[in-house]
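S.K.: Attaching a single structure in structure tokens format; questions to follow.
The values are calculated or read from the model by the stated rules, or taken from the named source; none is laboratory data. Since the structure is predicted, the reported quantities are computational estimates derived from the model, not experimental observations. Virtual Cβ from ideal backbone geometry, glycine too; neighbours counted across all protein chains shown.
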Amino acid sequence: MQRVRVGMTGLAVVLILILLASALVSSARNDAPVVAVGVPNVETVANMTGTDKGVSTADAGREPLAELGIAPAATNSIAPPAKLAPMEPPASIPQ
């Protein structure tokens, strides 16, 4: 009988620990995120785009780093491969 009582007490303790951990995790998930001073706002950074209203479409396509020779251009200057002739089946190999 004592073993049953110890086993049931152990199960109760484990169940209480799981419920307590679940409550802590759910309360941490529901809290508002902490915003540090000087950190950019996530919504503002996510809504930034490369094309502003003051920039023309001709200037938007320019690549200043490629013009200076610092980075390669993003355009594909490599020609597509020519069509290959179909392969002939291999000749039978004498044994």
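S.K.: Please go through (1) modelled with pLDDT of 70 or more; (2) within 37 Å of the chain's Cα centre (by Cα); (3) aliphatic (A, V, I, L, M) for Ala79 and return the number of the only condition it doesn't satisfy.
M.R.: (1)
S.K.: Return a yes/no flag: does region 21-36 have any residue that is modelled with pLDDT of 95 or more, surrounded by 10 or more Cβ atoms within 10 Å (Cβ to Cβ) and of a type outside the set (A, V, I, L, M).
M.R.: no
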